[in-house]
Amino acid sequence: MIADTYGKKSDLPVHHGKLAPKTPSRGAFRRLYQILGAIATIALLVFYFTRKQDLPEVKSHEVYTVTADGVRKGGLDGVQSEEDLDKLYHSTVEFYDLNDYQGTHDGNADGDVVLFCMPLRNAEAILPTMFKHIMNLTYAHEQIDLAFLVSDCSDDDDTLGALFDYTVSLQAGKLGEKLYAEETEAKKKSVKGSSDLYLNYMDPDYVERVQNAFQPPFHAEYSKPFRSVQIFHKDFGQLIGQGFSDRHDVKVQGIRRKLMGRARNWLVYNALKPYHSWVYWRDVDIEMCPGDVIQHLMKFNIDVIVPNVWRPLPEFLGNEQPYDLNSWIESEQGLELAKTLQEDDVIVEGYAEYPTWRAHLAYIRTKDGNPDELIALDGVGGVSILAKARVFRQGAMFPAFTFENHAETEAFGKLAKRMGFIVGGLPHYTIWHIYEPSEDDLQEIARKERKRRHQRKGKQN
């Protein structure tokens with residue numbers, strides 16, 4: 001056993017000199033630096049020339065701003081000089097006291113700015129009717145920001161292009177004339193076909209009301225431009241068809257509503273500004289709606305409020321029917337049903353597979369009821385929602401996941417209540433959804449048409 005320099009015993013041979021690494025020569029250092037420099041240079045060149053190929057090309061979304069002069073894609077395209085850039089720098093600092101944007105019962109008079117949100121998918125054909133409703137809003141147009149989200153349209157639909165066209169005319173104050181000219185031209189070319197046959201079986205009084213809904217004289221706001229128009233284009237992977245049977249099949253409701261929740265959240269959180277006091281959600285396919293709908297809902301001054309939504313039917317089906325069954329009061333049976341489901345299961349209201357026995361806003365309606373009667377709700381439908389902007393600022397959203405066995409608007413109602421907000425509905429204040437014939441309805445109409453033709457032939461013979 002040998003003791004080393006530090007007194008530690010070891011079986012290994014001991015070198016009694018100082019333990020130090022061999023010092024390399026200056027030439028070795030120079031060669032090392034040259035090698036490292038060459039490696040770094042090559043790495044930088046490779047990164048520079050290949051980074052575009054290495055990164056996946058992701059198309060996120062597109063934003064368009066509409067004015068009377070046309071459509072401008074989002075970005076800093078307006079910065080063309082040092083003066084423009086200086087103005088941009090000075091405009092980047094803003095101060096808002098959110099206490100000034102809480103919303104009042106008479107926002108129209110108090111200057112409350114409303115964010116009007118509308119998701120669109122394969123909506124090209126219904127846009128003319130939709131824009132008539134928008135122009136017919138009697139809330140001051142200069143206090144409404146319009147925000148549209150176009151997503152997941154089919155290849156044969158040009159909702160985005162049509163939206164550009166109509167909104168430019170809208171902001172120029174010429175959309176009414178444009179729509180009238182299009183209708184006049186369409187009537188000259190139109191041939192009554194099978195798609196119009198259902199009108200023969202609708203209540204004549206209702207058909208007449210629809211036809212006369214947008215006849216002059218118009219109110220003072222009708223042709224006025226809006227405070228602003230923004231159009232967003234983003235796809236979410238919606239693979240469910242837009243036919244009535246596709247959209248309302250119970251098997252796809254959970255998937256569909258979660259995707260719709262994602263779209264609604266994306267739209268509101270991209271469009272919401274600090275100066276917005278209210279957010280008004282509206283579906284595109286509304287046929288009849290009072291022009292003062294925003295003021296009527298607003299005057300109750302609660303956090304979330306919805307009207308009743310019905311739809312017309314052919315006379316052989318009873319003339320009319322509740323449409324939106326997603327506005328409801330929770331029941332003991334509904335709570336018990338939820339306990340039997342998996343955490344990710346979504347209750348689809350109005351379907352036999354989910355017997356909740358809830359009280360629906362739609363069925364509380366009476367024709368002579370007080371349109372100002374307000375009742376508390378747990379779930380809400382998405383056809384027409386007015387909510388205070390602070391509801392979204394404080395974190396409420398349209399869950400794109402299962403929340404208490406619900407998703408999207410129904411889950412939004414439950415979440416808002418859980419957060420302490422007031423949620424309510426008007427059972428006797430009704431707006432009307434368009435009638436979309438189901439496959440069974442179309443078959444019945446075809447059967448009745450054949451019967452009518454046979455009867456005519458019999459009379460002629």
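The values are calculated or read from the model by the stated rules, or taken from the named source; none is laboratory data. Since the model is a prediction, treat every value here as computed from it, not as a measurement. Note: ideal-geometry Cβ built from the backbone for every residue, glycine included; neighbour counts use all protein chains shown.
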### Lone qualifier among ASP100, ASP86, ASP155 - being farther than 22 Å from SER223 by Cβ, part of a loop (DSSP other than H, G, I, E, B) and not basic (Lys, Arg)
ASP155
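Let's see how each residue does on (1) modelled with pLDDT under 95; (2) assigned to a loop (DSSP other than H, G, I, E, B); (3) surrounded by fewer than 19 Cβ atoms within 10 Å (Cβ to Cβ):
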position: ASN308; (1), (2), (3): no, no, no
position: PHE316; (1), (2), (3): yes, no, yes
position: ASN326; (1), (2), (3): no, yes, no
position: GLY334; (1), (2), (3): no, no, no
position: LEU337; (1), (2), (3): no, no, yes
position: GLU343; (1), (2), (3): yes, yes, yes
position: TYR351; (1), (2), (3): yes, yes, yes
### Among the candidates ALA213, ALA263, residue that is modelled with pLDDT under 95, of a type in the set (Gly, Ala, Ser), in contact with a strand residue (DSSP E or B) (Cβ under 9 Å, 6 or more places away or on another chain) and surrounded by 14 or more Cβ atoms within 10 Å (Cβ to Cβ)
ALA213
### Task
Look at the stretch 405-443 and say how many of its residues are touching a Gly at 6+ places or on another chain (Cβ under 6 Å) and either surrounded by fewer than 20 Cβ atoms within 10 Å (Cβ to Cβ) or more than 26 Å from ALA263 (Cβ to Cβ) (or both).
1
### Message
What are the pairs with Cβ atoms under 6 angstrom where one residue, in the stretch 82-110, is acidic (Asp, Glu) and the other, located anywhere, is modelled with pLDDT of 95 or more and surrounded by 12 or more Cβ atoms within 10 Å (Cβ to Cβ)? Sequence gap at least six, or different chains.
### Response
ASP110/THR104
### Task
Kindly establish whether ASP110 is at negative phi and either surrounded by fewer than 10 Cβ atoms within 10 Å (Cβ to Cβ) or at pLDDT 95 or above (or both).
yes
### Message
Pull out all pairs, ordered by first then second residue, where Cβ-Cβ is under 7 Å, the residues are six or more apart or on different chains, the first lies in the stretch 406-425 and is touching a residue at least 60 places away in the same chain (Cβ under 8 Å) and under 13 Å from GLY395 (Cα atoms), and the second is assigned to a helix (DSSP H, G or I) and of a type in the set (Val, Ile, Thr).
### Response
ALA416/VAL391; PHE421/VAL391
#### Entry: Condition met for PHE232 (in contact with a Leu (Cβ under 6 Å, 6 or more places away or on another chain), more than 21 Å from LEU317 (Cα to Cα) and either of a type in the set (S, T, N, Q) or modelled with pLDDT of 95 or more (or both))
yes
### Query
In the stretch 394-446, which residues are under 24 Å from GLN321 (Cβ atoms) and assigned to a strand (DSSP E or B)?
HIS406, GLY424, GLY425, LEU426, PRO427, HIS428, TYR429, THR430, ILE431, TRP432, HIS433
#### Entry: Residues located in the stretch 158-181, provided they are touching a helix residue (DSSP H, G or I) at 6+ places or on another chain (Cβ under 7 Å) and either acidic (Asp, Glu) or in a loop (DSSP other than H, G, I, E, B) (or both)
ASP158
